[in-house]
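I have placed the structure first, in the form of structure tokens, so that the comments after it can refer back to it.
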Amino acid sequence: MNLNSEESSSGSETTLAQVRGVLDLDLPGPTISRHVYGHFAEHLGHCIYGGFFVGEDSSLPNEGGIRLDVVEALKALDIPNLRWPGGCFADEYHWQNGVGPREQRPTMVNSHWGDVVEDNSFGTHEFMALCELLGAEPYISANVGSGTVQEMSDWVEYLTRADDSPMARLRRQNGREEPWSVRFWGLGNEPWGCGGGMRAEFYADLANQFGTYSRDHGENRLYRIAAGAADADYRWTEALMAGLGHKLGGGTTRRHGRHPYQAISFHYYTVPGPWQHKGSATQFDREEYYRTLHQAQRLRGILAGHAAVMDAYDPERQVGLVLDEWGTWFDVEPGTNPGFLFQQNTLRDALVAGVHFDAFHDHAERLVMANIAQTVNVLQAMILTDGEALVLTPSYHVFEMNKDHQDAQRLRLALGEVPSRGEGEAQVDTVSASASSKHGAVLVSLTNLDADEPVEVVLDLRGGSVGTPVGRLLTAPSMAAHNTPANPDEVHPGALRDVRVEDGRLVVRLPAHSFATVRLPVLD
Ligand code: AHR
């Protein structure tokens, strides 16, 4: 551990760890796609029903059945895109059952999630209305596992075609005159698992087939995302790159036309324990705390692994990398339906989010999109609802505090020696950081993962000068602190007081287990 500065508190001498680094203000890197701050809403538990959608007859304020308090809260996050209808659900969803008069829509069994009956009252038009209310771009995952090529092709036509084609006519009959603009389309989900148990090469052929017959209508240019690997399965990514006709070392065997898919996804969840006992979202000790953050920090290496495979086949970076499911996955809350994946969200989850965003920013060259799983009431949620009650989670606050990284230019931020902490093999680097610049201001994000000790971060500011820093801090006395309807502000951002710029250095003191942002106006 690097203990090279000292402070005294309450008369007793204690040591304060210091981490030094360099922030280059005049070396802007690539743009951080706003879409790495994307979201995911599946027909799972109370994400859609009860979370986003309560129906028009609800006593809760709603527009067309969409819950307005949830929309209002999410608007503060500037959500760039929303993925729907799954997840695993996407590969058993038949979109035509979710359009037309609600009372005539067929029901189905949601066999993946709780074996409940889905009434299809939230379908394509409701989803598009939700995206419009949120100001988010839709990202629709089509059914490759149990659907047909024609079904996906028709869905694209239904949503995006302007003339009198059969699907455009059907859309008009269902009340929508103008086509929507829908760029992002997923070609199935987890085809190696719930999406059909396929081999990578077999799925690559299917992705080519589904992608080929999903057409650009009018001005709407599709950005098709092939369903990718679990975690560090780089072989899957390689099969999809080869499936596109890309050759090792660059070049392509494809003779004409656009690629049938423009991006390849993968999924990575932070799961601290074995699948049968992942651990509680709120009851955890130091060992579990560090194990969780260790798992979260693995993401950086996994991103690098997928990016390296893609670089080998596509040095010009024509194909995007998408992480369309990420977040913590703990045991469900006691007494809740195991198929509904409802978990509380603590300060630990917020730190997981901070670590992920730093890794996303570092991989801005290749990573074009990422989607938190999931936005409301499922896994690492932004919002938890209970009837009328609505609670913003600690993770929500990280998304809000970090939102100005969206479409900003990444700045080079290099840390020197960072102390590591942990238990056994689950060691973590205790400080994580990233920075970007937009509209004449720099945003620095800093996470102190140390469970017990504060840290002082000192960054040499090179290549420019800055004005007065404004800091915000998210922390709480306990790493397990969380918000509830009775205590909704237990974890809430406040002002970061221990921040200053002196002698060309940014000096920040971060309390134990905390996340902070610092805004620095750049002076001409
Ligand atoms: O987000 C929950 C589930 O996790 C998704 O449906 C699936 O894609 C993944 O396994």
Search segment 20-37 for residues that are open to solvent by less than 30 Å² (accessible area, probe 1.4 Å) and pair each with any residue that is part of a helix (DSSP H, G or I) when their beta-carbon atoms are under 6 Å apart and the residues are at least 6 apart or on different chains. ILE32/HIS361; ILE32/HIS405; VAL36/PHE360
Looking at PRO166, is it touching a helix residue (DSSP H, G or I) at 6+ places or on another chain (Cβ under 8 Å), on the phi < 0 side of the Ramachandran plot and open to solvent by 40 Å² or more (accessible area, probe 1.4 Å)? yes
Could you tell me how many of the residues in segment 457-480 are touching a Pro at 6+ places or on another chain (Cβ under 9 Å), surrounded by 18 or more Cβ atoms within 10 Å (Cβ to Cβ) and part of a loop (DSSP other than H, G, I, E, B)? 3
Checked segment 106-125 for anything within 18 Å of GLY196 (Cα to Cα), part of a strand (DSSP E or B) and either within 15 Å of the ligand (Cβ to nearest atom) or among the aromatic types (Phe, Trp, Tyr) (or both); matches are ASN110
Selection within segment 192-230 - farther than 27 Å from PRO138 by Cβ and either within 16 Å of the ligand (Cβ to nearest atom) or surrounded by fewer than 19 Cβ atoms within 10 Å (Cβ to Cβ) (or both): GLY197, ARG199, GLU201, PHE202
From the residues in segment 78-105 that are surrounded by fewer than 21 Cβ atoms within 10 Å (Cβ to Cβ) and in a loop (DSSP other than H, G, I, E, B), which one is farthest from the ligand (Cβ to nearest atom)? PRO101
Yes/no for PHE342 being away from the ligand (no atom under 14 Å from the Cβ), more than 22 Å from LEU134 (Cα to Cα) and not in a strand (DSSP E or B): no
Would you be able to tell me the number of residues in segment 48-77 that are away from the ligand (no atom under 16 Å from the Cβ), of a type in the set (A, V, I, L, M), open to solvent by less than 10 Å² (accessible area, probe 1.4 Å) and in a loop (DSSP other than H, G, I, E, B)? 1
Listed residues TYR261, TYR268; which is away from the ligand (no atom under 14 Å from the Cβ), crowded, with 20+ Cβ neighbours inside 10 Å and not in a helix (DSSP H, G or I)? TYR261
The one condition in (1) away from the ligand (no atom under 13 Å from the Cβ); (2) open to solvent by less than 40 Å² (accessible area, probe 1.4 Å) that PRO334 fails to fulfil: (2)
The number of residues in segment 443-456 that are in contact with a helix residue (DSSP H, G or I) (Cβ under 7 Å, 6 or more places away or on another chain) and part of a strand (DSSP E or B) is 3
Give segment 357-400 a look and list any residue that's polar (S, T, N, Q), crowded, with 24+ Cβ neighbours inside 10 Å and part of a strand (DSSP E or B), or say none. ASN371
Selected residue (criterion: farthest from GLY327 (Cα to Cα)) from residues of segment 177-235 that are touching a Phe, Trp or Tyr at 6+ places or on another chain (Cβ under 9 Å) and among the β-branched types (Val, Ile, Thr): VAL182
Would segment 346-355 turn up any residue that is outside any helix (DSSP H, G or I), modelled with pLDDT of 95 or more and open to solvent by 10 Å² or more (accessible area, probe 1.4 Å)? no
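The values are calculated or read from the model by the stated rules, or taken from the named source; none is laboratory data. Just so you know, these numbers come straight off a predicted model, no measurement behind them. Every residue, glycine as well, gets a Cβ built from its backbone with ideal geometry; the counts of neighbours run over all protein chains shown. Surface areas here come from the heavy atoms of the whole protein model, side chains and all, with no ligands, DNA or RNA. Shrake-Rupley method; radii C 1.70, N 1.55, O 1.52, S 1.80 Å.
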